[in-house]
1. Would you be able to say whether some residue in the stretch B:131-142 is within 8 Å of chain A (Cβ to nearest Cβ) and in a helix (DSSP H, G or I)?
2. Where residues in the stretch A:84-138 are among the acidic types (Asp, Glu) and farther than 27 Å from B:Glu139 by Cβ, which of them is nearest to the other protein chains (Cβ to nearest Cβ)?
3. Restricting attention to the stretch B:298-356, which residues are in a loop (DSSP other than H, G, I, E, B), buried (at least 24 other Cβ atoms within 10 Å of the Cβ) and aliphatic (A, V, I, L, M)?
4. Would you be able to tell me the number of residues in the stretch A:12-35 that are within 13 Å of the chain's Cα centre (by Cα) and buried (at least 20 other Cβ atoms within 10 Å of the Cβ)?
5. Kindly provide the set of residues from the stretch B:18-38 that are surrounded by 17 or more Cβ atoms within 10 Å (Cβ to Cβ) and touching a strand residue (DSSP E or B) at 6+ places or on another chain (Cβ under 6 Å), ordered by number.
6. Being away from chain A (no Cβ under 14 Å), without any contact (Cβ under 8 Å) to a residue 60 or more places away in the chain, in a loop (DSSP other than H, G, I, E, B) and within 22 Å of the chain's Cα centre (by Cα) is the requirement here; does B:Ala68 meet it?
7. Look through A:Gly61, A:Gly34 and report the one residue that is without any contact (Cβ under 8 Å) to a residue 12 or more places away in the chain and more than 10 Å from chain B (Cβ to nearest Cβ).
8. So which strands (runs of 3 or more DSSP E) stay within the stretch A:40-126 end to end and still have 2 or more residues that are aliphatic (A, V, I, L, M) and surrounded by 15 or more Cβ atoms within 10 Å (Cβ to Cβ)?
Amino acid sequence: MTNRPLPVPDETSAPYWAACAEHVLKLPRCSSCGEFTLPPDVTCPHCQSPEPDFTFEPVSGRGKVRTWTVIRHSFLSGFEVPFLLVDVELDDQPHIRMVGRLVDGPETPLRIGDRVAVAFEDLSSDIAVPAFTLAGAS
Amino acid sequence: MSGLFAAHNRIAVVGYAHSDVVRRTAEPLGITALRTARAAIEDAGLTPEQIDGFTSSSLLPSSGEHEAQDGISVVTSDWLAKHLGGHAHYVAGFQGIGQLTGSLSLAISTLASGAADYVLLHRALHNPAGKYNDNPMTEFAGDQQWSAPQGFFGALPAIAMVCNEYCQRYGADRESLADLVVEARKNGARLPWSYWHDKPLTREAYLAEPPINDPMSRLDCDIPVQGVGVFILTTAERARDLPNKPVYISGQGFGYPLHHRIPLHWTLDEMMEAGEGLARRLWESSGLGPGDIDTAQVYDAFSPFVYIWLEVLGFCPVGEAHRFVRDGGIDSDIPESLGALSGGGAIGNGRLHGLPQLLECYLQLSGRAGERQRPTTNAVMSYSAPHFGGAVVLTNDPV
């Protein structure tokens, strides 16, 4: 389906990738303080709990574009250039930022604050990675 | 820590040497480092037997698949101490991203604590054969599973996004970036040892270069090179008996990430927020402020870092650095400017991880800058980005 590099799910990430495969964004949430974290860490970065027991819970996946770049040379193999990466601040919690490709294409005009929603790119039969698409005003 | 630095002006740089900066060489990096180390020791009026402390950081900063071999592609202090044949009492490597300021701090602490009397600080950078950053991996486990599958990989995409956010927010553009890249290359072209010696860059050539990660082009990034810089440090008391004019360490400040993020996701806000604390600690520890500084050698591995450091350190208001640069605020040919890239920086020398910044501060303060000499009493150098790096104030007039 693609030559793009694939993530290797592990015990810290398996629920995330399983949800992505179903085109659902679930982020790790600390069992102690309830804050979302990306990526999960051995402790909770918010409350420092050494036993965060992260659960993966669905989030809106909506947010605003903080910044972007058009990648015209990719250091990784398997990507067709150019493509556009957006740095998105999710609505779900302050400071939660994700970086993903904008599936609308590399020539898409953008402004800081533009609204986007999560989208998914299917890389194999069981792996999809999060990306974003313009969501208009919402 | 708050208030004046406990080692304020008690530790001095007393000698230096650097290699020529070349794109690639068959010479093992360790040999370049040994030769440079011996030259620095001699420059300081010392012998290898007197060097009893070694500090450095050895990271090869490439995202390609290159195996680090000590003495060949990296040089640790352990390797250098062993091969120099001295009598080491203390050898330490800095582990982290703010490598040069981090290992300089180790040198300062080593001397201030009395763990060693004469410390050799070095940084050695290698340019491996093959592609520097290109990586053929088809699977990513561990931390990079959270970033690489989206095409977010290596340092440049994040820095390009920081640069774009700065440009969008404050009205800078590639014309603005041209001002500082051309300034760096102008100064680098004047340095006989620089990779860019006699190769200044015109504004037209800069603007004609296509971006690789918008808005940044190759010319906004330092070029990978092989090069070594060595500094000899000792206590202020011992420095009095040595031949060169001592350059004292007045203070230092460091910054660290404030938010847990996916790998290499550096953001403009985080740099500025972490930079506030860094600058506060830097100025408190040195007993000086930005108004006391004659030259600020700010880190420029990526062109937008210059804006960020000028603003973080208080040399111009936030959002104004691109106009400050445009209006001659760092032009080395204007005597009253900050001359922020007068030593060529990374863009005007090559990928030397802060060595050009520390070297230029040392040369100006010790009166050894030759034709580039500017009246200088207090200087500041910075390395990396404020949320992962550090800054150091140096002086030749200890109060």
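Rule-based calculations on the coordinates, nothing more; no lab input. All values derive from a computational prediction rather than experimental measurement. Ideal geometry is used to build each Cβ from the backbone, glycine not excepted, and the neighbour counts take in all protein chains shown.
1. Yes, the conditions are met somewhere in the stretch B:131-142.
2. Among those that are among the acidic types (Asp, Glu) and farther than 27 Å from B:Glu139 by Cβ, it is A:Glu89.
3. B:Val298, B:Leu313, B:Ile330, B:Leu338, B:Ala340, B:Leu341, B:Ala346, B:Ile347, B:Leu352
4. Selection size over the stretch A:12-35: 7.
5. Within the stretch B:18-38, B:His18, B:Ser19, B:Val21, B:Leu29, B:Thr32, B:Ala33, B:Thr36, B:Ala37 qualify.
6. Yes; evaluated as a whole, the condition is true for this residue.
7. The match here is A:Gly34.
8. Of the strands (runs of 3 or more DSSP E) lying wholly inside the stretch A:40-126, those with at least 2 residues that are aliphatic (A, V, I, L, M) and surrounded by 15 or more Cβ atoms within 10 Å (Cβ to Cβ) span A:62-71, A:83-90, A:97-101, A:115-122.
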